[in-house]
Amino acid sequence: MDNVIRHPSTPGDDDDRASVPHDIEAEQLVVGAIMHYPQAHAEAAQIIDRTDIYRSAHRLIWDVVTQLIEEGSGVHPVAVRARIGQLGQLRLVDGGVLIDRLGSDVIVPGMVGHFAQIIADRAHERRYDEHASELKAAIARKASGEELDKLVSEFQQRETLRANTGHGPAHLVASILDWDAFFSTDFGNVVLLPGRLMAPGQQITIVGDGKAGKSLFCQEWMWRAATGREFLDDKPGVPLRILYLDAENGQEQVQERFFSFGAGPGRMGTLRYASFPPVRPLDTAGGGADLLALVKATDAELVVLDTVSRFISGPENDADTWLSLYRHTLLPLKRDRVASIRLDHLGKDGERGARGSSAKNQDVDHVWTLAAQGGGVLSLKRTHTRTGIGPDEFVIRREARRDGDSWVPGQTRHVIATPEPSGWDSDGQPTGLAATPGTVEHIIATLDKAGLPNDIGNRVARQRLATLGVPGGTDKIAEAIRRRKSRSDTPAFDVSGDVTGDRTGGRYPETFPGTDPRNGETAGQTFPGTPPETSGTPPVPDPSPSRREGEGERPVRTASETPLCVVCLTPLDPARAAAGYDTHHPCPTT
C-alpha cells in the first residue's frame, strides 16, 4: 500500500494494530471516499457491512453516511459532521478533526472495492480469532466435547449465513424481480449445453449401475464441454468453466481415461478437476460453504459431484439428508445460476431409479438413467423432468481401442448410435439391436423365433424367456409385448430365409420354422397356421378317435374353438381352459 495516502495515527491505533486483525489505513480510505461519493458507498456495501469495520469512529461515520443516503440527502464531510453533532457524538471523532482529516484527501470511487475487500478479509480473520478465543475459554472451563462441537457448528452456520446472504440492502433486494426486464426475457429461447442433456443453470442427476460407466461418460462429456468440442453429435460451442469434484476414481484411472479421450497437457480447456477434495459434507452448512468457496475460486459455471453419496454425511434413505443438501449447497448454486450434475447409483430394484430416499429427485430439473445394453450400446433415458426441454432418450455407442494393456489415445468416445435396422439377415440371424442381449428388440426377436403368437401376455413371455435364459427387465418385456401386440394383424417376421414374398394361390408362404404342413394351405393366414378369423391362435390337430363326434362321452370342439397350450401347442383340457389357464399343468412355467 505504498501508493496510497497515509494519515497520522490517532491515539490507540498502534495498540489496536498489535492486538487483533484489522487495517486502519483501508478503513480510513473507504470512510473518506463514502463521505464524498454515494456510488463509493454502494460499491463498498456490496462487500462489507458495518460489523466489518473495526474502529468505532469509522463505524459511526459509516452509519451516518448510510442514514443520509437512505434519506436522500446529499453526502459531504460537512453534512456528516453536522449530523454527528446533532447526535451529540462529536467527541467520538475527535471533535470533528477526524472527519476533516479523512475528507481532505480522497481516493476515486473505483478504488473503493479493493480496500473494502481488505476490510472484509481482516474482519473474517477477526471472527476466526474471536472464535478461537471462545474455544480456548470453553476448554479452560472443562467444557464437554458436545459443547465444543456446538460452538463450532454455530460458528460455521453464522459464517455460511454471511457467505450466502451477502452484505447490505443492494444484495438482499437483488432477488426481487424487475417486471419489465422479466417479461422482456425470452425464456423459451433456451440454448442447451453441449450434449443437449440440460440447459444453463439447471440441476440434473445421472443414475446407473456400476456396469454402465457413468463416470467415464461424464468425464468425456465435461472434457469436451470445457474445450468447446462436439458431444453426442452436438455442434462445438463456447468452452464452459467446469468444476469436477471426484470422490470415486483414483488419479491413475482418471489419467488413463483422459489420455484415451485425446486430452493431455495443454488440452484441458477450462476444466478444473478436484480429486478427493477435502470438503466437509455438502448436507451441512460447512460443506456448502466449502463448495461455494471452490466455485468462487474457479469461477465455475457447472459443478459435477461424482458420486453424490460420497459427499453427504446423513443416511441416504433419510429425506432430511437430501433436503439439507439442497438447502446448504444446491440452492445457493441455483440462485447463482451455476448448473450442477450429480452422479448416483441405482437401487436394488433398478426399475425404481436411484437408491435411497425419493426426496433426492425433488429438486432436480432432469433425471437421466444410463444403462448398458450390451455390445457397447448404452441407453440414456430421461425418467423425470420439470421442463421437458430437449430430447428424452439417446441410444449411444461407446467406442474404444486397446493397444496391448493400454487404451489408444483419442479413440475413446461416446457417439449417437445409428444401428442397422433390427430384423433378420438371409441366414435367419437377428441384426441391429435385435442381436444385442438386453434390448427390447432382442426380446422381440427371441419371442418371434420361439414361435409365440403376437398376442401373448407378459406372464407367458416371461416364462419362455426364463426357459431360454434370455435377460429382460419387467419394463422391457412389457414394451416388447406391447410392440408385438400392435402388429398382431400383420404377418410376423420372416426368418426362414425365403424372402421372395411369393403368395401364389392366395396364401402366404411358410414364414416361421415349424409350421404344421396341414395348415399351410389356409388362405389369408397372418401367422403360421393361423386363420384370419382367430388371429393369433395356433393350429389345432385332429382330435383323437376317442374324442370324435358321437364316439366319446363329450362333444368335440371344432378347431376354431379348442384352445392350445402356449408352451407345448397341444389342446388344453376344456375345464382348465374354462378356468382361464393357457398352459397344461405339467408344462414348465419358469
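The values are calculated or read from the model by the stated rules, or taken from the named source; none is laboratory data. The structure displayed is predicted, hence computed values, not measured ones. Counting neighbours? That spans all protein chains shown, and the Cβs are built from the backbone with ideal geometry, glycine included. When the accessible area is computed, the model is the full protein with side chains, heavy atoms only, and any ligands, DNA or RNA have been set aside. Shrake-Rupley method; radii C 1.70, N 1.55, O 1.52, S 1.80 Å.
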Completion exercise
Ignoring ligands and nucleic acids, residue 184 exposes an accessible area, probe 1.4 Å, in Å² to the nearest 10, of 90 Å²
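DSSP loop trypsin sites (Lys or Arg not before Pro) in region 201-265 with at most 12 other Cβ atoms within 10 Å of their Cβ, which ones?
Numbers: sites: 211, 214, 224, 229, 241, 257; in loops: 211, 229, 241.
Counting only loop positions with at most 12 other Cβ atoms within 10 Å, the trypsin sites (Lys or Arg not before Pro) in region 201-265 are 211.
Chymotrypsin sites (Phe, Trp or Tyr not before Pro) within region 177-252: which are DSSP loop residues with at most 13 other Cβ atoms inside 10 Å?
187
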Exercise for the section: Leaving ligands, DNA and RNA out of it, rank 363, 129, 392 by accessible area with a 1.4 Å probe, largest first. Expected result: 392, 129, 363
Handout entry: Heavy-atom SASA rank of 128, 273 (probe 1.4 Å, accessible area, largest first)
Key = 128, 273
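At 0.36 nm per residue, minus the direct Cα-Cα distance, what do residue 126 and residue 406 gain on full extension? Give it in nm, one decimal, please. Show your work: numbers first, answer last.
Numbers: separation 280, 0.36 × 280 = 100.80 nm, distance 5.31 nm.
Value of the extension gain: 95.5 nm.
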Practice task
Restricting things to alpha carbons, tell me how big region 46-106 is in terms of Rg and Dmax, in Å.
Solution key: 11.2, 30
Completion exercise
With the label point 7 Å along the Cα-to-beta-carbon line of residue 384 and a cut-off under 18 Å to each amide N, the hits in region 265-308 are 283, 305-308
Exercise for the section: With a 1.4 Å probe and every protein chain left in place, work out the accessible area per residue of region 253-408 in Å², rounded to a whole number. Expected result: 49 Å²
Fill in the blank from the handout: Over 25 Å (Cα to Cα) among 150/360; 214/476; 296/334; 211/235; 211/449 -> 150/360; 211/235; 211/449
Exercise for the section: At 1.4 Å probe size, with no ligands or nucleic acids counted, give the accessible surface of residue 246 in Å², nearest ten. Expected result: 0 Å²
